[in-house]
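Just below is one structure, and these are the notes that go with it.
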Amino acid sequence: MAVEVGALLNALGNVLALDTAYPLDGTFLYVEAAPQMVSASIFKDLGDHLLYRMATSVLDDVLFELWEAETPGKRWSAMQYVIDGDRFTTVFSFDKLDPEISTIKRRQAILDQRYGNKQVVYPPLW
């Protein structure tokens, strides 16, 4: 199973690399997952600000496959995936997510902890 997880983590980087509009270096992916649910947020660190990028269905598919590759009862609830140069690091959280706190608030807390008060630029809704 560890080999499969490693291959899927590499596949995540390959999927993130498909977004050629911005550099891959400095990409931060935050994910929350549960049965039949994956919520992914991609941020590009552009120095003076972070740029939010929409997750694709291909990315969601790899993330769900990664989540399901773990043993039931030992699956992660959240993941941080960071690309720095030609390397990536991954941090998994196995704590139960508080249903009283929204994904958006948890994500913002992670961004604040990681990037301080760096502005996040979101694309227009249409």
Does Leu66 fit the bill of being buried (at least 17 other Cβ atoms within 10 Å of the Cβ), touching a residue at least 12 places away in the same chain (Cβ under 8 Å) and of a type outside the set (Gly, Ala, Ser)? yes
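Taking Arg106, is it among the basic types (Lys, Arg), touching a Leu at 6+ places or on another chain (Cβ under 9 Å) and surrounded by 15 or more Cβ atoms within 10 Å (Cβ to Cβ)? Reasoning before the result, please.
Numbers: among the basic types (Lys, Arg): yes; touching a Leu at 6+ places or on another chain (Cβ under 9 Å): yes; surrounded by 15 or more Cβ atoms within 10 Å (Cβ to Cβ): yes.
Criteria met by Arg106.
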Which condition number does Thr71 fail, the rest of (1) buried (at least 17 other Cβ atoms within 10 Å of the Cβ); (2) touching a residue at least 60 places away in the same chain (Cβ under 8 Å); (3) over 11 Å from the mean Cα position of the chain (by Cα) being met? (1)
For the stretch 75-103, the count of residues that are of a type in the set (A, V, I, L, M, F, W, C) and either more than 26 Å from Leu8 (Cα to Cα) or out of contact with any Ser or Thr (no Cβ under 9 Å at 6 or more places or on another chain) (or both) equals 2
Return the pair list, or none, for Cβ contacts closer than 7 Å from residues in the stretch 3-29 that are touching a residue at least 12 places away in the same chain (Cβ under 8 Å) and under 16 Å from Val82 (Cβ atoms) to residues that are surrounded by 15 or more Cβ atoms within 10 Å (Cβ to Cβ) and among the small types (Gly, Ala, Ser), at least 6 apart or on different chains. Leu29/Ala40
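Of all residues in the stretch 94-118 being in a loop (DSSP other than H, G, I, E, B) and not charged (D, E, K, R), which is nearest to Lys74 (Cα to Cα)?
Phe94
A short reminder: the numbers here are calculations on the coordinates, not readings from a lab. Values in this document were obtained by computation on a predicted structure and should not be read as measured data. Neighbour counts run over all protein chains shown; Cβ positions are idealised from the backbone, glycine included.
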